[in-house]
1. Can you find a residue that is open to solvent by 60 Å² or more (accessible area, probe 1.4 Å), without any contact (Cβ under 8 Å) to a residue 24 or more places away in the chain and out of contact with any Cys (no Cβ under 9 Å at 6 or more places or on another chain) anywhere in the stretch 247-255?
2. Asp337 is checked against (1) farther than 26 Å from Gly358 by Cβ; (2) open to solvent by 10 Å² or more (accessible area, probe 1.4 Å) and fails just one. What number does that condition carry?
3. Is there any pair linking a residue in the stretch 208-223 that is under 13 Å from Asp77 (Cα atoms) to one that is at pLDDT below 80, with Cβ under 8 Å and at least six apart or on different chains, and which?
4. What tally of residues in the stretch 117-140 results from selecting those that are of a type outside the set (Ser, Thr, Tyr), over 16 Å from Arg81 (Cβ atoms) and crowded, with 24+ Cβ neighbours inside 10 Å?
5. Considering every residue within the stretch 327-345, establish whether at least one is assigned to a loop (DSSP other than H, G, I, E, B), more than 17 Å from the chain's Cα centre (by Cα) and either β-branched (Val, Ile, Thr) or at positive phi (or both).
6. I'd like the full set of residues that are open to solvent by 40 Å² or more (accessible area, probe 1.4 Å) and either over 23 Å from Gln42 (Cβ atoms) or not in a helix (DSSP H, G or I) (or both), limited to the stretch 159-181.
7. Being in contact (Cβ under 8 Å) with a residue 40 or more places away in the chain and open to solvent by 20 Å² or more (accessible area, probe 1.4 Å) is the filter here; which residues of the stretch 91-113 pass it?
8. Residues being farther than 19 Å from Ala76 by Cβ and of a type in the set (Gly, Ala, Ser): count how many of those fall in the stretch 329-378.
Amino acid sequence: MRRNSETVNRIYPWTVVALLWVVALLNYMDRQMLSTMRDAMQVDIHELESAVNFGRLMAIFLWIYGCISPFAGAVADRISRKWLIIASLGVWSTVTLLMGHCTSFNQIYWLRALMGVSEALYIPAGLSLIADYFTGSARSLAVGIHMTGLYFGQAVGGFGATLAEAFSWQQTFHWFGIVGVTYAVILAFALKDKARATGEKEEVTIAGKEPVWKSFALVFSNIAFWVILFFFASSSLPGWATKNWLPTLFADSLGIPMSEAGPISTITIAASSFVGVILGGFLSDRWVKKNLKGRIYTSAIGLSLMIPALVLIGAGHGMAAAVGAGVCFGIGYGMFDTNNMPILCQFVPAKNRATAYGIMNMTGVFAGAAITRVLGKWADSGNLGLGFSLMAGVIALALLLQLSILKPETDNRV
């Protein structure tokens, strides 16, 4: 019996990763679908014929998502992460379902705002739960596998227009919403919070009655966290830039239609990022056994790959150069992405990790919103490629700070 129990204890953390991988996929899929279905929706909701109104829909989600993220992390540090994840999934899936019944712009607008609140609650809770289940050497790989769910969700969400054309935009929202609500019910039975032994009693690791302001104060008083926050925000600049502007850049620099540039850019980045998170997870988990800076060095390799890739993306010409630079960037970004939470765990106690990651999430989203707007102006003036190349300098500064200041004393600060 004891051997069976030990086997279950070894397997269940990976079950948690599998369960949350689906949640991550649904998280990005539901938010991404709207961006592809404007043409289908504007037939019934005429306000969407205006690009300004459509931009308002996209912007309200980002602003609400960013503003809520720090508080979402603080909540995740104080209540059951299991039920927070389930409630978050249930609410945004219900929102997705209800969007299929909208008949006016205002209805969609406020539902989109509510989706920003509910989706912001997931990432800090999900990543901190995985980090607590993997206190040993598999933490980076586990986080990396979970992050691939976000990549797949973004890719699947891109087929929203295809499904809307085959069925209708209403049915597309309706049935994906039902899928999410159903999965929330499944999670209620399958997902467990991470418990720790305290004598003969098991308790969920939470911040307890610590005031929210004190949690923020403890996080912000940590110099290492400021460095982590800076290189996270710095890498969010090209991360969002490739999502929002790389298809346009490829179309302009390669002289190909957007119908070709879009798939080339998104598939290149998504596929190579998948390779990067797996490679970065394996390397980090092994390196940290020999050197506590192993996770930082792995992340630094990722940042180092992003620097020449951004220069080549911005200045290069020709299909081979564009795809090669995209692959180099994707692998580097994946290696960086899979190690953010594991590095955070080396400097921030378990009770404040969700709060810290919520702050990081907010900063990354706002950095993404800022660079998207700036690159739009540069694109209008014909300097989009230069904008991509200049971001390499910001990444170089982040790399220097990361290597010179971060000096972990443990792989799991408690």
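1. Taking the stretch 247-255 first, the residues open to solvent by 60 Å² or more (accessible area, probe 1.4 Å) are 252, 255.
With the extra rule that they be without any contact (Cβ under 8 Å) to a residue 24 or more places away in the chain, the set shrinks to 255.
With the extra rule that they be out of contact with any Cys (no Cβ under 9 Å at 6 or more places or on another chain), the set shrinks to 255.
Looking through the stretch 247-255, at least one residue is open to solvent by 60 Å² or more (accessible area, probe 1.4 Å), without any contact (Cβ under 8 Å) to a residue 24 or more places away in the chain and out of contact with any Cys (no Cβ under 9 Å at 6 or more places or on another chain).
2. (1)
3. As it stands, the answer is Ser215/Ala207, since those pairs meet every condition given.
4. Keep residues of the stretch 117-140 that are of a type outside the set (Ser, Thr, Tyr), which gives 117, 119-121, 123-127, 129-132, 134, 136, 138-139.
Keeping just the survivors that are over 16 Å from Arg81 (Cβ atoms) gives 117, 136, 138-139.
Still in the running and crowded, with 24+ Cβ neighbours inside 10 Å: 139.
Qualifying residue count for the region: 1.
5. no
6. Correct list: Phe159, Phe167, Ile178, Val179, Val181.
7. First, pick out the residues of the stretch 91-113 that are in contact (Cβ under 8 Å) with a residue 40 or more places away in the chain: 92-105, 108-109, 112-113.
Hits for the stretch 91-113 are Thr94, Leu97, Leu98, His101, Thr103, Ser104, Tyr109.
8. Taking the stretch 329-378 and keeping what is farther than 19 Å from Ala76 by Cβ, we get 329-339, 346, 366-378.
Filter again for of a type in the set (Gly, Ala, Ser), leaving 330, 332, 334, 367-370, 376.
Counting residues in the stretch 329-378 that are farther than 19 Å from Ala76 by Cβ and of a type in the set (Gly, Ala, Ser) gives 8.
The values are calculated or read from the model by the stated rules, or taken from the named source; none is laboratory data. Given the structure is predicted, the values throughout are model-derived calculations rather than measurements. Neighbour counts are summed over all protein chains in view; Cβ atoms, including those assigned to glycine, are modelled from backbone coordinates with ideal geometry. Ligands, DNA and RNA are stripped out before the accessible areas are found, and what is left, the full protein with its side chains, is counted by its heavy atoms. Shrake-Rupley method; radii C 1.70, N 1.55, O 1.52, S 1.80 Å.
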